[in-house]
Amino acid sequence: MRWHRRSRAGAGGSCSSHPFNLPIGFAMNDDSSERSAASVRTLELIVAVLFFLVGAVVIYDSFRLGNKWAEDGPQAGYFPFYIGLILCLSATATFLKALRRGSRESFVTVPQIKLVLSVLVPTAIYTAAIAWLGIYLASLLFIALFMWRLGRYGFSRIIPVSAGVTVFFFLLFEIWFKVPLPKGPLEAALGLS
Amino acid sequence: MDEISSLMHGFSVALSPMNLVYMFVGVVLGVLIGVLPGLGGANGVAILLPLTFTMAQTPGGTTSAIILLSCIYWGALFGGAITSILFNIPGEPWSVATTFDGYPLAQKGRAGAALTSAFTSSFVGALVAVVLITFLSPFVARFALQFGPPEYFSVYLLTFCAFIGMSKGNPVKTIAAMMLGFALAAVGLDKVTGQLRLTFGHTELLKGFDFLIAVIGLFGIGEILKTLEEGLEFKGTQAKINPRVVLETWRELPKYWLTSLRSSAIGCFMGIVPGGATPASFMSYGVAQRMSKNGADFGSADKPQIEGVVAPETAAHAAGTSALLPMLTLGVPGSPTAAVLLGGLLIWGLQPGPLLFTEQKDFVWGLIASMYLGNIVGLIVVLTCVPFFAAILRIPFAIIAPVILVICAIGAYTVAGSMFDVYMMVIFGVAGYVFSKLNYPLAPLVLAIVLGDRAEESFRQSMLVSQGDMSIFFSNGLVGSMTLLALGLLAWPLVSAVLARLRGRPA
């Protein structure tokens with residue numbers, strides 16, 4: 001399902017009103033930082049190559065499984081073979097189209113990708129940390145770090161929010177709904193696991 | 001009128017005090033999910049699904065569980081309108097069209113009127129769809145009892161071809177997304193031969209990819225990343241709904257009865273044929289704009305039209321509701337959210353499909369009755385609690401975003417108690433972000449993961465019956481016409497491209 005958000009420029013009203021409240025010099029000098037990090041065309045090409053690779057892997061595996069028509073109907077690799085084939089064909093079509101007349105418009109600007117990465121990287125680290133810290137301690141640290149780095153909150157706000165949310169989830173999952181979540185050394189030390 | 005007495009029985013099931021509480025809780029949670037960025041109908045229900053496991057084991061618990069989950073869905077459908085109108089941010093993809101007139105109306109100080117008409121039209125659209133489900137689904141189920149593997153395969157084929165034929169976007173990308181879904185569905189144990197497919201020796205891949213993980217990653221994490229690009233702040237207009245505004249708006253709304261009727265019809269059609277709520281809302285907005293005498297004012301900043309809110313909201317809700325019809329009667333979901341609900345049914349040990357109507361009467365009719373009640377509860381909740389829900393959006397993003405990400409991680413873990421799923425969720429999240437920006441549709445991808453195995457199974461069963469003869473898909477009128485219709489839809493983008501070229505270059 002696509003989620004088209006009308007761009008800021010097109011949205012009118014309150015969204016576009018705030019840059020105009022800033023001093024002109026301030027609004028103008030970040031012209032350079034609005035430069036594109038990658039064009040739509042580049043991303044189209046990369047994604048098409050990835051689709052092609054997935055298709056190739058699927059075809060490769062289908063040969064191992066047998067992709068022929070046996071006496072009692074298709075073999076295990078029969079369906080995957082055609083799935084892989086169609087994937088490769090559609091990826092090739094998209095690749096060629098993007099190569100010939102791909103949009104040079106920006107896929108993402110430098111400040112945008114910085115924001116996205118500033119959330120994506122901590123999220124990846126957080127999910128990796130769950131395995132050895134347990135989900136509760138990892139979540140507490142994640143929320144705290146997020147509030148500190150992106151929200152610039154003080155500790156008087158960070159501690160109650162991050163601890164409150166974590167304790168609420170602990171009660172909700174472990175006590176009320178009895179769904180066990182991964183626990184780590186902290187829970188073991190507190191005798192909760 | 002068998003249906004009426006069955007429905008009355010359903011009301012007696014759904015009207016237990018506990019079920020009414022679940023309905024209320026479900027709707028409130030749903031609106032909340034609809035309002036928050038990164039949480040939507042599909043992934044919201046997916047995350048809460050594991051919480052119903054214990055609930056479904058008590059007697060009558062499956063009915064309560066489905067009431068809770070479906071009410072979350074109704075709530076999410078209502079909630080999308082709040083952010084569209086007040087913040088110009090569609091909380092859900094199907095409420096994008098609502099922003100066109102809803103937000104300008106709010107800026108002109110008519111937020112109350114816009115919200116009231118959005119909620120009321122959502123309610124009307126849902127009501128039409130529920131009435132349709134009440135009377136049509138027993139008929140479809142009875143009909144589907146005679147279905148064999150070839151008929152089922154043709155239904156699956158029709159579902160997938162409908163996505164290609166009816167999608168507004170690039171059909172090649174729709175096919176690519178769908179095939180990726182099929183490839184992911186193929187991973188794991190092949191049920192027919194017992195061979196392992198695409199696992200390459202990794203034990204984590206034995207059980208294959210769960211589509212719930214894909215839903216949480218693609219729609220949840222992906223959407224958060226997209227939201228981030230727009231910056232960290234939400235700016236919106238104030239919302240106040242008082243009874244006077246509501247009554248005034250209700251007096252105005254009957255004027256648009258024709259628009260409502262048309263939008264309901266579009267919505268129901270697009271919901272049953274898997275087009276989904278999002279295209280339905282756009283299509284309905286477009287049709288209303290063309291048919292209305294004020295069409296030129298649609299979406300304008302000076303004279304935004306209430307009718308421009310009525311049309312998409314009615315259609316989206318009608319489509320969202322009627323997507324449950326094929327899910328219940330055939331076991332073929334029409335939308336990602338319906339797929340998640342179907343996943344719930346399977347986990348609780350219910351087999352969706354025609355037999356549900358004969359073997360699980362309490363469940364089916366309890367659910368259908370709860371659709372009536374849930375939408376009434378929903379209408380009351382949203383009309384009275386708008387300021388509360390709008391206040392949620394004023395919680396700074398730096399607090400709400402990590403909490404939502406934590407909820408997504410917990411949701412992904414609880415699906416199967418596996419950390420591997422949590423890592424996959426992050427990967428699906430990145431894919432969702434890139435795909436939606438490049439206009440690869442996500443709904444066919446998700447439905448292909450859900451239905452891939454079953455489509456293949458019914459195909460192979462048909463082949464066993466026919467000894468490998470493809471003509472079984474044309475062996476009788478029913479299966480033949482469905483297969484033909486599917487192939488027609490598949491060819492439609494090509495045909496229309498050729499027609500457009502011919503028209504563009506007259507001889």
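The values are calculated or read from the model by the stated rules, or taken from the named source; none is laboratory data. Predicted, not measured: the structure shown is a model, and the values here were computed from it. Ideal geometry is used to build each Cβ from the backbone, glycine not excepted, and the neighbour counts take in all protein chains shown.
Pick from the range B:419-465 the residues that are hydroxyl-bearing (Ser, Thr, Tyr) and within 10 Å of chain A (Cβ to nearest Cβ): which of them is surrounded by the fewest Cβ atoms within 10 Å (Cβ to Cβ)?
Out of the qualifying residues, it is B:TYR423.
Looking at this structure, is A:PHE95 in contact with an Asp or Glu (Cβ under 7 Å, 6 or more places away or on another chain), outside the structural domain of A:LEU140 (by TED's automatic domain parsing), surrounded by 17 or more Cβ atoms within 10 Å (Cβ to Cβ) and at pLDDT 85 or above?
Here the answer is no, as A:PHE95 does not meet what is asked.
Limited to the range B:392-418, what total is found for residues that are of a type in the set (Lys, Arg) and either surrounded by 24 or more Cβ atoms within 10 Å (Cβ to Cβ) or within 7 Å of chain A (Cβ to nearest Cβ) (or both)?
The number of residues fulfilling the criteria is 0.
Mind listing whichever residues of the range B:267-302 are under 15 Å from the mean Cα position of the chain (by Cα) and more than 14 Å from chain A (Cβ to nearest Cβ)?
Passing the criteria: B:GLY267, B:CYS268, B:PHE269, B:ILE272, B:VAL273.
Count, please, the residues in the range B:1-37 that happen to be touching an Asp or Glu at 6+ places or on another chain (Cβ under 7 Å) and under 30 Å from B:LYS226 (Cα atoms).
2
Name the helices (runs of 4 or more DSSP H) wholly within the range B:7-112 that hold at least 1 residues that are facing chain A (nearest Cβ under 10 Å) and closer than 29 Å to B:ILE266 by Cα?
B:41-48, B:61-87, B:96-105
Restricting to the range A:148-170, give me the number of residues that are of a type in the set (Ser, Thr, Tyr), without any contact (Cβ under 8 Å) to a residue 12 or more places away in the chain and facing chain B (nearest Cβ under 9 Å).
The total comes to 1.
Anything in the range A:58-72 that is of a type in the set (Asp, Glu) and touching a Leu at 6+ places or on another chain (Cβ under 9 Å)? List them, or say none.
Matches in the range A:58-72: A:ASP61, A:ASP72.
Do you know which residues across the range B:175-200 are within 7 Å of chain A (Cβ to nearest Cβ), in a helix (DSSP H, G or I) and in contact with a Pro (Cβ under 9 Å, 6 or more places away or on another chain)?
The answer is B:ILE175, B:PHE182, B:ALA183, B:ALA186.
Mind checking which residues of the range B:324-366 are within 14 Å of chain A (Cβ to nearest Cβ) and assigned to a helix (DSSP H, G or I)?
B:PRO336, B:THR337, B:ALA338, B:ALA339, B:VAL340, B:ILE347
Considering only residues that are more than 18 Å from B:ALA185 (Cα to Cα) and either crowded, with 21+ Cβ neighbours inside 10 Å or not hydrophobic (A, V, I, L, M, F, W, C) (or both), look in the range A:67-79 and name the one that is farthest from the other protein chains (Cβ to nearest Cβ).
A:LYS68
Return the pair list, or none, for Cβ contacts closer than 7 Å from residues in the range A:122-147 that are under 12 Å from A:ILE158 (Cβ atoms) and more than 7 Å from every other protein chain (Cβ to nearest Cβ) to residues that are of a type in the set (A, V, I, L, M, F, W, C) and in a helix (DSSP H, G or I), at least 6 apart or on different chains.
A:LEU140/A:ALA163; A:ALA144/A:ILE158
Listed here are the residues, each with its yes/no results for (1) more than 20 Å from the chain's Cα centre (by Cα); (2) within 30 Å of A:VAL161 (Cβ to Cβ).
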residue	(1), (2)
B:LEU345	no, no
B:PRO354	yes, no
B:LYS361	yes, no
B:LEU379	no, no
B:PHE389	yes, yes
B:ALA398	yes, yes
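Among B:LEU253, B:LEU328, B:LEU346, which is of a type in the set (A, V, I, L, M, F, W, C) and surrounded by 24 or more Cβ atoms within 10 Å (Cβ to Cβ)?
B:LEU328
When residues of the range A:171-193 are filtered for being in a helix (DSSP H, G or I), surrounded by 12 or more Cβ atoms within 10 Å (Cβ to Cβ) and within 11 Å of chain B (Cβ to nearest Cβ), how many remain?
So the count comes out to 2.
Any idea which residue in the range B:270-290 is surrounded by the most Cβ atoms within 10 Å (Cβ to Cβ), counting only those that are closer than 30 Å to B:THR134 by Cα and without any contact (Cβ under 8 Å) to a residue 40 or more places away in the chain?
In this case the residue turns out to be B:ALA288.
Given (1) surrounded by 17 or more Cβ atoms within 10 Å (Cβ to Cβ); (2) at pLDDT 85 or above; (3) more than 14 Å from B:ASP453 (Cα to Cα); (4) within 11 Å of chain A (Cβ to nearest Cβ), identify the lone condition not met by B:SER167.
Tallying (1) surrounded by 17 or more Cβ atoms within 10 Å (Cβ to Cβ); (2) at pLDDT 85 or above; (3) more than 14 Å from B:ASP453 (Cα to Cα); (4) within 11 Å of chain A (Cβ to nearest Cβ), B:SER167 fails exactly one: (2).
Aliphatic (A, V, I, L, M), surrounded by fewer than 23 Cβ atoms within 10 Å (Cβ to Cβ) and farther than 19 Å from B:LEU132 by Cα: is that true of B:ALA296 in this structure?
In short, yes.
If you take the residues of the range B:303-323 that are touching a residue at least 24 places away in the same chain (Cβ under 8 Å) and not in a helix (DSSP H, G or I), which of them is farthest from the other protein chains (Cβ to nearest Cβ)?
The extreme case among them is B:ILE306.
Results for (1) free of Cβ contacts under 8 Å to residues at least 60 places away in the same chain; (2) surrounded by fewer than 23 Cβ atoms within 10 Å (Cβ to Cβ); (3) under 21 Å from the mean Cα position of the chain (by Cα), shown as yes or no for each residue.
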{"position": "B:TRP94", "(1), (2), (3)": "no, no, yes"}
{"position": "B:ALA118", "(1), (2), (3)": "no, no, yes"}
{"position": "B:SER122", "(1), (2), (3)": "no, no, yes"}
{"position": "B:GLY125", "(1), (2), (3)": "no, no, yes"}
{"position": "B:THR134", "(1), (2), (3)": "no, yes, yes"}
{"position": "B:PHE147", "(1), (2), (3)": "no, yes, no"}
{"position": "B:LEU157", "(1), (2), (3)": "no, yes, yes"}
